[in-house]
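Data first, discussion second: the structure below is written as structure tokens.
The values are calculated or read from the model by the stated rules, or taken from the named source; none is laboratory data. Here the structure is a predicted model, which is why all the values come from computation and not from measurement. Note that each Cβ is placed from the backbone with ideal geometry, even for glycine, and that neighbours are counted across all protein chains shown. The area values use the complete protein model at the heavy-atom level, side chains included, leaving out ligands, DNA and RNA. Shrake-Rupley method; radii C 1.70, N 1.55, O 1.52, S 1.80 Å.
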Number of protein chains: 2
Amino acid sequence: MSDAHGGESLLFLTDEQLRQGIEAMFFAYRGFTADPDRILEGMAYGRAHHRAVHFIARAPGTTVNNLLAILGVTKQSLNRVLRTLVEDGLVESRVGTSDKRERNLYLTEQGTALERKLSDAQRSRMRAAYRAAGPEAVAGFRTVLEAMMDGEMRRRYLRLRDGRS
Amino acid sequence: MSDAHGGESLLFLTDEQLRQGIEAMFFAYRGFTADPDRILEGMAYGRAHHRAVHFIARAPGTTVNNLLAILGVTKQSLNRVLRTLVEDGLVESRVGTSDKRERNLYLTEQGTALERKLSDAQRSRMRAAYRAAGPEAVAGFRTVLEAMMDGEMRRRYLRLRDGRS
DNA sequence: AGCTTAAGTCAGCTATGTTGACATTCCAAG
DNA sequence: CTTGGAATGTCAACATAGCTGACTTAAGCT
């Protein structure tokens, strides 16, 4: 238990420190989603559309099933979002080539434009935070976040990150 | 646009790095809320109840208005949550002493029990992540999160953190 | 041929957020 | 003392985004 942090105080593991971390996550996540949310309000879209568009941009040609697993929602929930995106011409759904039961999802030019707009806003805040915090803080930030993920989600995250999608 | 990666260690500011940070936030937040969510499902409560109970435990006697500002929701939305908590005997709402228009909110014994259960689960994951990442990573984690908050929320967070609540 | 899988759909439910309108209570300023 | 405004609470109506369950269609596999 009391492992070798070589004389380190373990003060960062007190309940008080943990609670501060919890609250930091809560408030930071609000900031994290604030800018895209602002862009989306007034459009007929919400955070769910943002997430779908993000991961389609991230892995073009991804299947519905894969997206379901990444987003962790039911197909009914995703389908509602996806349908509006396809109807509005932001997403294209092509019948799979090898397996025709599958649908491969792609952003249209219009979809790409929206994705870029949302992503620019979110990256811009991220960049400001990273710049203010410095490279070492950023490395620590990533390390803790990865340790906080559920096992299944961590695997998905790493696979995406390392391009083994 | 074509931001100079001027040969230097600004590698952590590339769009690719920022995107990875964004996805890390997304997946980590899922883990962050997973354990309390699991406890709450089946009870008549949800994440909104958890948040209310958390911040009442954090600052006993807080007013409804203060809670509204911290949670960033409308009073109607909070009121629905608060009402069920009061009806179920988890939260006590006392008329303010100096200003009788205000209501001061406190957890009952029962409310404290639920809060502890939720908080234990959430802290436990946090502790595991902190332990795995080490003190320096934790410091960086906190630094980046704070830099990511909106100004108003950062002020609230710091006030809570430093006990100037 | 028959089972499984991928996707999509319909119906209905829940949780959590939103506006808008309004009542009550109380403090404070004219 | 009255009036105006602030803090709180309530009611109604609605939107978003999640859920379950039941079902269809088409395609692939054994």
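Observations on the structure shown:
- Top of A:A133, A:A69, A:A57 by mean-square fluctuation, Gaussian network on chain A, Cα under 10 Å: A:A133
- Label 7 Å beyond Cα on the Cβ vector: B:R80 copy-to-copy distances, nm: 1.4
- Debye, to nearest 20: dipole size of segment A:40-99, +1 on Lys, Arg Cβ, -1 on Asp, Glu Cβ: 180 debye
- Summary of the geometry: segment A:72-108 and segment B:51-113, compared by the centres of their Cα atoms, lie 43 Å apart.
- The overall shape of chain A, judged from the alpha-carbon gyration tensor, is prolate: a/c is not under 1.5, and a/b is greater than b/c.
- Between 0 and 90°, nearest 10: helix A:151-161 axis offset from chain A longest Cα axis: 70 degrees
- Solvent-accessible surface (1.4 angstrom probe) belonging to B:R161, in square angstrom, nearest 10: 70 Å²
- Net dipole in debye of segment A:14-132 [+1 Lys, Arg Cβ; -1 Asp, Glu Cβ; about Cα centre; nearest 20]: 180 debye
- Net charge of the neighbourhood of A:L85, taken over other residues with C-beta under 12 Å away and scored Lys/Arg +1, Asp/Glu -1, is -1.
- Rounded to the nearest 20 debye, dipole of the protein assembly as shown from Cβ charges on Lys, Arg, Asp, Glu: 560 debye
- Tensor-based shape of segment A:105-160 (alpha-carbon gyration tensor, a/c under 1.5 rounded, otherwise prolate or oblate): oblate
- Residue-level accessible surface for A:D35, protein heavy atoms, 1.4 Å, Å²: 30 Å²
- Rounded to the nearest 10 square angstrom, B:E152 shows an accessible area of 80 square angstrom against a 1.4 Å probe.
- Acute angle (nearest 10 degrees) that the helix B:47-58 long axis makes with the longest principal axis of chain B, alpha-carbon atoms: 80 degrees
- Nearest-ten-degree value, helix B:109-133 long axis tilted from longest Cα axis of chain B: 10 degrees
- Rolling a 1.4 angstrom probe over segment B:14-133 with all protein chains present gives an accessible area of which 47% lies on carbon and sulfur atoms.
- Taken over the Cα atoms of the protein assembly as shown, the convex hull encloses 174 Å³ per residue.
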